[in-house]
Amino acid sequence: MALLDDFKRGDRRALSKIITHIENRREGYRTILAQISRFERKAFRIGITGPPGAGKSTLVDSLVAKLANTGKKIGVVAIDPSSPFTGGALLGDRVRMQHLADKDKVFIRSMASRGQSGGLAAATRDVITVLDAFGMDLIIIETVGIGQIELDIIEACDTVVVILVPESGDMIQTMKAGLMEIADIFCVNKIDRPGADRLVSYLNNMIHERLGEFSQEFPAVGTNAVSGLGVDKLSDAISRHRDYIVGNGMFEQRRKRQLKNEILSSVRDRIVKDLDHMIDLDGQFESISSKLNSGETDPYTAADEIYEHYFRGRLVNG
Amino acid sequence: MSDKIRVLLAKAGLDGHDRGIKVIAAAMRDAGFEVIYTGLRQTPEMIAEAALQEDVDAIGVSILSGAHMTLFPLIYKAMEARKCTDIILFGGGIMTEEEMVILHSQGTDKLFGPGTPTPDIIAYVKDVVARKRKSEKII
Ligand SMILES: Nc1nc2c(ncn2[C@@H]2O[C@H](COP(=O)(O)OP(=O)(O)OP(=O)(O)O)[C@@H](O)[C@H]2O)c(=O)[nH]1
Ligand SMILES: [Mg+2]
């Protein structure tokens, strides 16, 4: 396939076309992914999540500007929500990413969430694979940012940065445990606003409480994404976290777990689809439905019967 | 299901008003498009590069600063340099019919004068993208 040859040669247009192909689940996309996933891959993946307007895009911009200076090739995937009513989307993250014009080192792709609710789009992980195979050293993923915890990011990244702002107090109260679960590094952005110091020390207490004195702690970092203040510290924290997880084996463990989850969920999706399809074809449900109406059976027995019909003898649960 | 229509919207030139283009962006979203809005003061290089990375079907550029006669051809050149002139380039600004004809001959597919109703622009994009996709399928 000519497109793949161009891709291998480092052609950005081919990269872009392949991403579209995969994002739209066009015919043959799995074959392309299968091939691409065997190319050499080495990218470290950083997730940036946080409430709407926290400054995620602005921070990505200043982080990338800094990292691109070191000669690294960087891919950015920025996800914004699709409208549930029209399916359309207004993808505005690029507005804040104006310093990223160095086309040979930085490639940015905006994605609409297309009905997915976990903070990423359904195809985001595949797009990350494609960027990785293209030769990126770093991939940064900005989640939708809808003001709730976006869990998908931990399945797609090595280091997750949660961005909060001085006004995020209420959110932290309600989601404390969940936030701790996903954050490897906390960043308090908009430190030019009142209340930032208090939030930083509150977060640090929280981190200390949770981790105790035996594991390595990553204290919350304060930033002003507009002026660039503190961005050095954030980028240091990210590389220290990388060294830490690579050193203690967590990196490999995480990747293994992610891969397992990804493969299993892909198998599960197909089983569910097939099953729905078979049940439709067999007319199984019609007959059960009439038995339900006449009171000959109940929903629980009916579920058991359907399960046994398709899976008896094949599965442990049967 | 057919692929979503992806459109890049940008403002080029030095004028700092983005109300109009934001209204169009929102209307296009409501029409089911995926709109990548890139903001104010975009250079021709930035516009063409963003269009390439986002793999859009069409680029819409608004230029109200009076520099349209230089900027549109430069955008087209930047697209040529990236071998992506198959992307539809349309735009709006304050210009004469004659200027539109010249710009059209220099690569801009369609120009809209001031006050064009947004639904007309949306209908244009839908139509031209559908035709483009059809012809690509035949090849
Ligand atoms: N005062 C102040 N404003 C900031 C700072 N960082 C970002 N902003 C502003 O906050 C606004 C939102 O910034 P974005 O980078 O778009 O935030 P975001 O989290 O990407 O937003 P969504 O993607 O819409 O969720 C912009 O107007 C920024 O200029 C900061 O450190 N201080
Ligand atoms: Mg953003």
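Taking the 0 to 90 degree range and rounding to the nearest ten, how far is the long axis of helix A:124-134 tilted relative to the main principal axis of chain A, both from C-alpha atoms? Compared with the principal axis, the helix lies near 60 degrees. Taking max minus min of the alpha-carbon positions on each principal axis, chain A gives extents of 70, 52, 43 Å, largest first.
With one equal scatterer per alpha carbon and no solvent term, the Debye-computed log10 I(q)/I(0) for region A:1-59 at 0.29 1/Å reads -1.20. Principal-axis analysis of the Cα atoms of chain A puts helix A:56-68 at an angle of about 60° to the longest axis. Phi angles of region A:238-250 translate, via the Karplus equation with coefficients 6.51, -1.76, 1.60 and θ = phi - 60°, into HN-Hα couplings of 5, 6, 5, 5, 4, 4, 4, 6, 5, x, 9, x, 5 Hz per residue; Gly and Pro are given as x.
Here the Karplus curve 6.51 cos²θ - 1.76 cosθ + 1.60, taken at θ = phi - 60°, turns the phi angles of region B:59-64 into couplings of 10, x, 10, 10, 10, 10 Hz, with x standing for Gly and Pro. Under 16 Å between alpha carbons, and skipping anything fewer than 8 positions from A:LYS176 in its own chain: which aspartates and glutamates qualify? The qualifying aspartates and glutamates are A:GLU150, A:GLU167, A:ASP184, A:GLU209.
Calculated FRET efficiency, A:ASP236 to A:SER289, Cβ-Cβ distance, R0 = 56 Å: about 0.35 to the nearest 0.05. Proximity of backbone amide H atoms, modeled 1.01 Å from N, is registered between A:VAL221 and A:PHE186, A:CYS187, A:VAL188 at under 5 Å, excluding neighbours fewer than 5 places apart on the same chain.
Show me A:63-71, B:98-106 ranked by packing, highest mean number of other Cβ atoms within 10 Å first. Intermediate results must be reported in sequence, preceding the final value.
Values: A:63-71: 17.0, B:98-106: 14.0.
Descending mean neighbour count gives A:63-71, B:98-106.
Which lysines, if any, have their Cα less than 28 Å from the Cα of B:LYS134, not counting same-chain residues under 8 positions apart? The reachable lysines, counting only those whose Cα sits under 28 Å from B:LYS134, are A:LYS17, B:LYS4, B:LYS77, B:LYS83, B:LYS110, B:LYS126. In this simple spin-label model, placing a label point 7 Å from the Cα along the Cα-to-Cβ direction at both A:SER227 and B:LYS83 gives a separation of 4.7 nm. Summarising the label geometry, the points placed 7 Å from Cα in the beta-carbon direction at A:LEU275 and A:MET250 lie 3.5 nm from one another.
Among the chymotrypsin sites (Phe, Trp or Tyr not before Pro) within region A:208-263, those in coil by DSSP and having at most 15 neighbouring Cβ atoms inside 10 Å are A:PHE214. A:ASP11 contributes an accessible area of around 60 Å² to the protein surface, as traced by a 1.4 Å probe with all chains present. A 1.4 Å probe, protein heavy atoms only, puts the accessible area of A:GLU308 near 80 Å². The angle between the Cα long axis of helix A:284-293 and the main principal axis of chain A comes to about 80°, on a 0 to 90 degree scale. Return the long-range amide H neighbours of A:ARG109 (sequence gap of 5 or more, or a different chain), with a cut-off of under 5 Å between placed amide H atoms. Those lying under 5 Å, H to H, from A:ARG109 are A:VAL76, A:VAL77, A:ALA78.
Given a Förster radius of 30 Å and the C-beta distance between B:SER135 and A:GLN35 as r, what FRET efficiency does 1/(1 + (r/R0)^6) yield to the nearest 0.05? Mind dumping the intermediate values first?
On the way: r = 28 Å, r/R0 = 0.94.
E(calc), rounded to 0.05, equals 0.60.
For chain B, the relative contact order works out to 24 percent when only alpha carbon pairs closer than 8 Å and six or more residues apart are counted.
Along the charge dipole of region B:1-102, pointing to its positive end and built from +1/-1 on Cβ of Lys, Arg, Asp and Glu, which listed residue (B:GLY91, B:TYR37, B:ALA51) has its Cα farthest out? Positive-end residue among those listed: B:TYR37.
Given a Förster radius of 45 Å and the C-beta distance between B:LYS22 and A:LYS260 as r, what FRET efficiency does 1/(1 + (r/R0)^6) yield to the nearest 0.05?
Details: r = 44 Å, r/R0 = 0.98.
Efficiency computed from Cβ-Cβ geometry: 0.55.
Per-residue ellipticity at 222 nm computed for the protein assembly as shown from its helices equals -15500 deg cm²/dmol, with DSSP H segments shorter than 4 residues left out and the rest contributing -39,500 (n - 2.57). Of the complete DSSP H runs in chain B, those spanning 24 angstrom or more by Cα along the long axis with a mean Kyte-Doolittle score not below -0.5 are B:118-138.
Anisotropy class assigned to chain B is rounded, per the alpha carbon gyration tensor with a/c under the 1.5 cut-off.
Just check region A:87-140 against the gyration tensor rule for me: Cα atoms, a ≥ b ≥ c as the square roots of the eigenvalues, rounded for a/c under 1.5, and otherwise prolate or oblate depending on whether a/b exceeds b/c.
Values: a/c = 2.79, a/b = 1.27, b/c = 2.20.
Oblate shape, in that a/c is at least 1.5 and b/c is the bigger or equal ratio.
The mean number of Cβ atoms from other chains found within 10 Å of a Cβ in peptide A:17-29 is 2, as a whole number. Distance from the alpha carbon centroid of region A:1-79 to that of region B:74-99 works out to 27 angstrom.
Look at the stretch A:78-87: the mean tally of other chain Cβ atoms within 10 Å of its residues' Cβ atoms is 3.
The values are calculated or read from the model by the stated rules, or taken from the named source; none is laboratory data. These figures come from a predicted structure and were not determined experimentally. A quick note on method: Cβ atoms are made from the backbone with ideal geometry, for glycine too, and the neighbour counts reach across all protein chains shown. For the accessible areas, the whole protein counts, side chains as well, though only heavy atoms, and no ligand, DNA or RNA atoms are used. Shrake-Rupley method; radii C 1.70, N 1.55, O 1.52, S 1.80 Å.
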